[in-house]
Amino acid sequence: MIATIQPSHLSGSIQAAASKSSMQRACAAALVTKGKSVIKNPGHSNDDKAAMDIIQRLGAEIIINNEELIINSEGVKPVSSEIDCGESGLSIRMFTPLVALSEKQITINGGGSLSSRPMDFFDEVLPQLNVKVQSKNGKLPLVIQGPVIPKNITVDGSLSSQFLTGLLMAYAASDAKDVSITVNNLKSRPYIDLTLNVMKQFGMKVPENKNYDSFYFDAMTHDSRLSTHPYTVEGDWSGAAFLLVAGAIAGTITLKGLDVFSTQADKAVLQALIDCGAGISIEPSHIELRPLPLKAFHFNATDCPDLFPPLVALAACCNGTTAIEGASRLTHKESNRALTLQEEFGKMGIEITLQDDLMLINGGTGIKGTTVHSRHDHRIAMACAVAALRAEGEVIIEQADAVNKSYPDFYEHLEKLGASMKYSNETVNH
């Protein structure tokens, strides 16, 4: 799909989309927690759909009832010999240890960029837990056969915290006793806070967090007294970051449905907006943004690398050179996001320099109308769309439907706020 976006002034109010980070974790917890789970405000992105398909293949029953999901499960009891994680990095990293709860051999597959992302973490870690693992030289497909036997292990947390999320849930589901998972150089700590919070709400055994260096499961036998597990999926700070930036650069908007006390890492976008001088009002029920003259800012995105795309769109409209730390976290995303941002925003006349772990954005120079490509990366498509609101001419985005991975209503929400857009399924002639 091609999206053509005209420079636009925004106004109005919108409800934040459901968080796929929250939704996918809830699906995993509902699978391994025996009984009935009721999930309110469920998401419907491609990644959410992948998680729902996975848990059904692993034995859960899902009933869609109005605006909620009812999930019945007796634990991991696979009804299929294969699961497909789509293009969801969280799903493959979180569900692989949960697949290993079964003694049945299961093949784990995925599409898009997942086929080239490194999975050798599992080759190294799972055999220590009595799990048989086969991979294609550290890449998909994976063939897994458990069951997991929890032991004291040490893992590398520098690539992604999502691997640890899966291990924590697998240990809890196995009623791990008197064992620790020690983690070296853990990145994206807020996402582990989210995982532990979800585990608690579903009545799972929650380990003691020893300053993110280790997670200790005590010697007590865990017996949850919950027979029904109600959970409300949070509003999505990752997707909302794009709308908040849009409000800061292109018009007064109000965003509802976000928990200002959330553990989601991308809530940190608020600090960047404050630091650049955006007009922002934060209330428990809503956040209001209005355009003001913006100045360059410095931001550390090591624990929230998904904020790079919206922050680049923001920095493009800030006078001066913005510095964002954490660029090394962008290599294994849907695209190599550091290079993709540099190239696609370069087409719009925004100069981006990469220096080791630092990304420097020279903003306030004007955004040119042009044709860009999402590189099949949902966050690149959204970043270009937001920047287009302040462009000097129309911006055409190729493969714009990449947003379906995480935020299928993104363009509809922009239009509701007043963005001038049109769509087609044609290709652009270069």
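Here are the numbers for this structure:
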quantity	calculated
Surface/4 of the Cα convex hull for region 226-266, nm²	3.7 nm²
Cα gyration tensor of region 184-311 - equivalent ellipsoid semi-axes, whole Å, descending	34, 18, 9
Measure of compaction for the chain (Cα Rg per 2.2 N^0.38 Å)	0.97
Charge dipole magnitude, Cβ of K and R +1, D and E -1 - the chain, Cα centre, debye nearest 20	400 debye
Separation in nanometres of the label points that stand 7 Å from Cα toward Cβ, at Glu394 and Asn300	4.5 nm
Pairs of alpha carbons in region 283-410 whose separation is greater than 18 Å (percent)	51 percent
Mean accessible surface per residue for the chain, computed with a 1.4 Å probe while every protein chain stays in place, in Å²	38 Å²
Solvent-accessible surface ranking, highest first, for Ser73, Ser224 at 1.4 angstrom	Ser224, Ser73
Top of Met119, Met199, Met220 by mean-square fluctuation, Gaussian network on the chain, Cα under 10 Å	Met220
Carbon + sulfur, % of accessible area of the chain - ligands and nucleic acids excluded, 1.4 Å	45 percent
Distant alpha-carbon pairs in region 1-143 (separation over 21 angstrom), percent	48 percent
Hypothetical label at Asn209: residues of region 172-193 whose amide nitrogen lies under 11 Å (7 Å Cα-Cβ projection)	189-193
log₁₀ of I(q)/I(0) at q = 0.20, 0.28, 0.30, 0.33 Å⁻¹ - region 355-396, Debye sum with one point per alpha carbon	-0.72, -1.01, -1.04, -1.08
Region 81-208 - Rg and Dmax from Cα coordinates, angstrom	13.6, 40
Prolate/oblate/rounded call for region 42-126, Cα gyration tensor, a/c under 1.5 rounded	oblate
Nitroxide proxy distance, nm - points 7 Å out along Cα→Cβ at Gln355 and Lys368	2.5 nm
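The values are calculated or read from the model by the stated rules, or taken from the named source; none is laboratory data. If you're wondering where the values come from, they're calculated on a predicted model, not measured in any experiment. Please note: Cβ atoms are built from the backbone with ideal geometry, for glycine as well, and neighbour counts cover all protein chains shown. What goes into the accessible areas is simple: the full protein's heavy atoms, side chains included, and nothing from ligands, DNA or RNA. Shrake-Rupley method; radii C 1.70, N 1.55, O 1.52, S 1.80 Å.
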